[in-house]
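As structure tokens, the structure follows; a few thoughts come after it.
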Amino acid sequence: MHHYFVTEALIVISALFFGLRLVQRQKYLAAMGIALFGLAAAIGVYRFGFGKISELADVHKMAGQIGGLAGMSLIASEFVREKQKRLLVLFLAFVCLVIAYIKPGLSVPLFLLWSLLVIAGTFISVEGSKSRKIKWTLGASLMLFAVIFVRRSPFLGPEMAWHAFHSLVTIWIIVIATVFFKKPY
């Protein structure tokens, strides 16, 4: 079980590298969102790397669920250009976080909803041909795919499922950051 830290570390490294590049481009909400995914993974690195598996299980789970929800909503908010609308989206994100904290069972459905908003934001914001839009939108869909089909896949088994999940999250971070690098505004 200690080997889980390897793919968690990939998330941390990609979140650090691409989060800093987003800050350089003044995409602060996306950078903070990606940082939250990196933070959850950093807890996993420590948890598995230093044998704190049971002691940090609940903290890691909460960081993954609540941090992931907050991160996804911050990334979705980055797509909104107008300040008033962005504030409304951030307020809705806060409401979702409160709901998820009170009713933890709703954190995954809310996360999936924000994931759909990120996917839609990607499709709308990517310029160029339809095939280019579809390519980047499919990349932005990796997180949704990973959460629904890979994270607890009975076909892969627990170890392979988590490594595949972490690998897809790493790729997703790279894709999402790159989408913001290519944005015209």
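Couple of notes before you dig in:
- Its relative contact order, with pairs defined as Cα atoms under 8 Å and 6+ residues apart, puts the chain at 24 percent.
- Between 0 and 90 degrees, the angle of helix 107-125 with respect to the longest Cα principal axis of the chain falls at about 40 degrees.
- Springs join every pair of Cα atoms under 10 Å in this Gaussian network model of the chain, and among V95, V150, V175 the largest mean-square fluctuation is at V95.
- Choice from G71, G33, G105 showing the highest fluctuation, given a GNM over the chain with Cα pairs closer than 10 Å: G105
- Taking a ≥ b ≥ c as the square roots of the eigenvalues of the alpha carbon gyration tensor, the stretch 6-80 is oblate, as a/c is not under 1.5 and a/b does not beat b/c.
- Taking θ as phi - 60° and the Karplus parameters 6.51, -1.76 and 1.60, the scalar couplings of the stretch 73-79 work out to 5, 5, 5, 4, 5, 5, 6 Hz in sequence order, x denoting glycine and proline.
- Choice from I34, I53, I119 with maximal GNM fluctuation in the chain (Cα, 10 Å cutoff): I53
- Listed residue (A57, I119, A161) projecting farthest to the positive dipole end of the chain, Cβ model: I119
- Extended-chain gain in nm, criterion 0.36 nm per residue less alpha-carbon gap, I124 and S54: 20.9 nm
- Between Y28 and Q84, the simple label model (points 7 Å from Cα in the Cβ direction) yields a spacing of 2.1 nm.
- Rounded to 10°, Cα long-axis angle of helix 83-102 versus longest principal axis of the chain: 20
- The chain: angle of helix 28-49 to the longest principal axis, Cα-based, in degrees nearest 10: 10
Read-outs: derived from the displayed coordinates by stated rules, not from any lab. Small disclaimer: the values here were computed from a predicted structure and weren't measured. With ideal geometry, Cβ positions are generated from the backbone for all residues, glycine too; neighbour counts draw on all protein chains shown.
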